[in-house]
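In what follows, a structure is listed as structure tokens, so that the remarks can point back to it.
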Amino acid sequence: MVLRRAFAIYRASHRSDGVGLLELVVAPHGSGSKWLAAQNPGAFVDLIAPLGTAFGIPTEPINALLVGGGYGSAPLFALAEVLKARGCRVDMVLGASVAGKIYAPLEGKRSVNSLTITTEDGSAGVTGRVSDVLPELIKEHETDVIYSCGPMAMLEAITKISQSHEILHQCSVEESMACGIGVCMTCVLPVAGDDGIIRMTRTCIEGPVMDGNKVLWSRSREIPEGVWGR
Amino acid sequence: MNLNYSTSIAGTFFPNPIFTASGCAGSGKELSHFFPLTELGAVVTKSIMIKPRSGRATPRMAETPSGMLNSIGLQGPGIDLFLENDIPWLRDQGARIIVSIAGESVDDYAVLSRKLRNVPGISAVEVNISCPNVENRGQVFACNPETAAAAIAAARRNIGGELPIIAKLSPDVTDIVAIAGSVIDAGADGLALINTLLGMVIDTNSMLPKLSQKTGGLSGPAIRPVAVRAIYQVRAAYPKIPIVGMGGVANGRDAFELVLAGANAISIGTATFGDPMSAIRIKNELEELCTARGFNNFSDAISYAHRSEGE
């Protein structure tokens, strides 16, 4: 492996003795995550952190709906704690293909007002996808902001819902990255800037958390029309 | 250590021989969070074209055994915004700057060169000719001695006499020495060896090519022996031409290998993706290694592998 790996931070905290603690949740699927998971306790691992953007935290108590797909749900639990501490209402939806791919640690469940699970095969919770249950939950809980993290197809589906309900959508995107620091230009997405111009934007340092409503979601293997310099 | 670590490319002095590789360091801003750019011999900027470019769709990258494929498609802001924003910033950093340019036609190289000829603070211009020539059925300039020479000649005519031109060559050719000869005749003051090799990965789950453009440029340690060979062959044919060597250099030993083959300076590319501090680490390792091998001047190590045994 010649490349570094990018991971979402699960939680950052201070231990009781004041030592800083950074927690990652890693599913050992690829060669990099398998290598990391195989390290012995106490091993030193080279780390560059934090990189890129974080979820924006509201200054006022709002109703937040947190949506996680598969293991992508990991960073949402720390977010739930922060939002809860700010007096927000926090509802959570976790979805996966099968029950075994839902990541929901016990302590995480305590920091949310409600938890809805969806699985495509019906092995846990509601049968279907997260996008199937979102419209109703948004209505029921009067959601102001959706926070999401998971596969790109899921984020795209959530964006359609957030746009039709005219609510904010902060999503943590996932493109394959070579460098993670902004030099290689591999992890780009078409995103509308504040000036309205759509640029191929680096998700490593200008993301991974982006305004889902400003992303031009496209799964075709072509640059969408309207992108600067196409 | 008392090594005289400086090097020169076509009469331009650099305090050390470690450069970034074009496309692997942007315009230096991101790396400046990790070390001062003045620590580098030079920053070689990402190849810039005339107009803004979105680049290709994703996926643009695939990791491979000891390397990676990329198909970025020269995403960039275009020469005007680049000269307005990136060059003044780099100058303010005190960095030595090598600007890399890329065109889709011979005239593009002329236009880009005219825009650069009076820009202060540039040490040299790298002419990336590994681009499809729209006037010749999309054939890459660097793959044919005539088109390679035409692009370099256009740059030479329009850049004036003072700025050195470094022609960046593709290893995907039958005879790289012949291409080197034709660009030298066309006015190149130096060569950059080597660009990436064209490769492809098929995802065996989706059973489709992994990259959106199907093919991509292979870089990383996998290509280092190709770089060593190309540099050695060109050096053997052209003992005096300055060569900026690159291709899978991951440590000081690798850099030294390219120097022994004939490189006057070394560019660090893919290694930066794995570790942003690579260039500085490699700079220190190469300096130690040159000293350990008994060199007092870095320049004495250049092409040292070309001596006959026992010398």
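Taking label positions 7 Å along the Cα-Cβ direction at both residue A:141 and residue A:197, the computed distance is 3.8 nm, reported to one decimal.
Per residue, the convex hull spanned by the Cα atoms of segment A:45-101 measures out at 113 cubic angstrom. Distances between placed amide hydrogens fall under 5 Å for residue B:73 paired with B:56, all partners being 5 or more residues away or on another chain.
Between residue B:139 and residue B:304, the FRET efficiency estimated from the beta carbon spacing at R0 = 30 angstrom works out to 0.20.
Using the structure shown, select from A:214/B:29; A:84/A:109; B:46/B:115; A:84/A:160; B:115/B:283; A:84/A:214 the pairs with a Cα to Cα distance greater than 22 angstrom. Violating the 22 Å Cα-Cα cut-off are A:214/B:29; A:84/A:160; B:115/B:283; A:84/A:214. As a proxy for reagent exposure, B:198, B:193 were ordered by neighbouring Cβ count within 10 angstrom, fewest first; the result is B:198, B:193. The mean number of partner chain beta-carbon atoms within 10 angstrom of a residue's beta-carbon across peptide B:264-275 is 3.
Distance between the pseudo-spin-label points of residue A:97 and residue B:200 (7 Å out from Cα toward the beta carbon): 2.7 nm. Taking the Cα centre of chain B as origin and assigning +1 to Lys and Arg Cβ atoms and -1 to Asp and Glu Cβ atoms, the resulting dipole is close to 360 debye.
Taking amide H positions as modeled 1.01 Å from N, with prolines and chain starts lacking one, the residues under 5 Å from residue B:129 and 5 or more places away or on another chain are B:168. Listed from fewest to most Cβ neighbours within 10 Å, the set A:227, A:183 follows the order A:227, A:183. For segment B:84-161, the list of trypsin sites (Lys or Arg not before Pro) that fall in a loop by DSSP and count at most 16 other C-beta atoms within 10 angstrom reads B:117, B:137. Taking 7 Å steps out from each Cα toward its Cβ at residue A:220 and residue B:175 produces label points 4.5 nm apart.
For peptide A:193-201, compute the average count of partner chain beta-carbon atoms within 10 Å of each residue's beta-carbon. Walk me through the intermediate numbers first.
Numbers: counts 0, 0, 0, 0, 1, 1, 4, 10, 0.
Per residue, the number of nearby Cβ atoms from other chains is 2 on average.
When both bridge partners sit in segment A:63-172, DSSP labels roughly 0% of those beta bridges antiparallel. Taking every DSSP bridge with both residues inside the protein assembly as shown, close to 40 percent are antiparallel. Identify which of B:72, B:166, B:266 has the largest mean-square fluctuation in a Gaussian network model of chain B, with springs joining Cα atoms closer than 10 Å. Ranking B:72, B:166, B:266 by mean-square fluctuation puts B:72 first. Annotation for segment B:258-311: trypsin sites (Lys or Arg not before Pro) lying in DSSP loop with at most 14 further Cβ atoms inside 10 Å of their Cβ are B:293, B:307. Using only side-chain charges placed at the Cβ, +1 for Lys and Arg and -1 for Asp and Glu, the dipole size of segment A:94-175 relative to its Cα centre rounds to 220 debye. As a calculated quantity, the FRET efficiency between residue B:84 and residue A:49 at R0 = 35 Å, using C-beta atoms, amounts to about 0.60.
Just counting partner chain Cβ atoms within 10 Å, what average do the residues of peptide B:167-174 show around their Cβ?
0
Checking Cβ-Cβ separations below 4.7 Å across chain A identifies A:88, A:149, A:171, A:187, A:204 as cysteines lacking any candidate disulfide partner.
Computed 3J(HN,Hα) for segment A:47-63, one whole-Hz value per residue from the Karplus formula 6.51 cos²θ - 1.76 cosθ + 1.60 where θ = phi - 60°, is 9, 10, 7, x, 10, x, 9, 10, 4, x, 9, x, 7, 10, x, 10, 9, glycine and proline marked x.
For residue B:210, the aspartates and glutamates whose Cα falls under 20 Å of its own Cα, not counting residues fewer than eight places away in the same chain, are A:174, A:175, A:222, B:63. Couplings 3J(HN,Hα) of segment B:10-26, computed from phi: 6, x, 8, 8, 10, x, 8, x, 9, 10, 7, 9, 4, x, 10, 8, x Hz, in residue order, whole Hz [Karplus 6.51 cos²θ - 1.76 cosθ + 1.60, θ = phi - 60°; x for Gly and Pro].
Distances between placed amide hydrogens fall under 5 Å for residue B:139 paired with B:133, all partners being 5 or more residues away or on another chain. From the alpha carbon centroid of segment B:54-119 to that of segment A:41-118 is 39 Å.
So in segment A:1-126, what percent of DSSP beta bridges are antiparallel if you round to the nearest 5? Percentage antiparallel, nearest 5: 20. Rounded to the nearest whole Hz, the Karplus-based 3J(HN,Hα) values (6.51 cos²θ - 1.76 cosθ + 1.60, θ = phi - 60°) of segment A:4-16 follow the sequence 6, 10, 9, 10, 6, 7, 6, 6, 10, 7, 10, 5, 4, with x at glycine and proline.
All of the numbers you see were taken from the coordinates with simple rules; none came from a lab. All of these numbers come straight from a predicted model, not from anything done at the bench. A quick note on method: Cβ atoms are made from the backbone with ideal geometry, for glycine too, and the neighbour counts reach across all protein chains shown.
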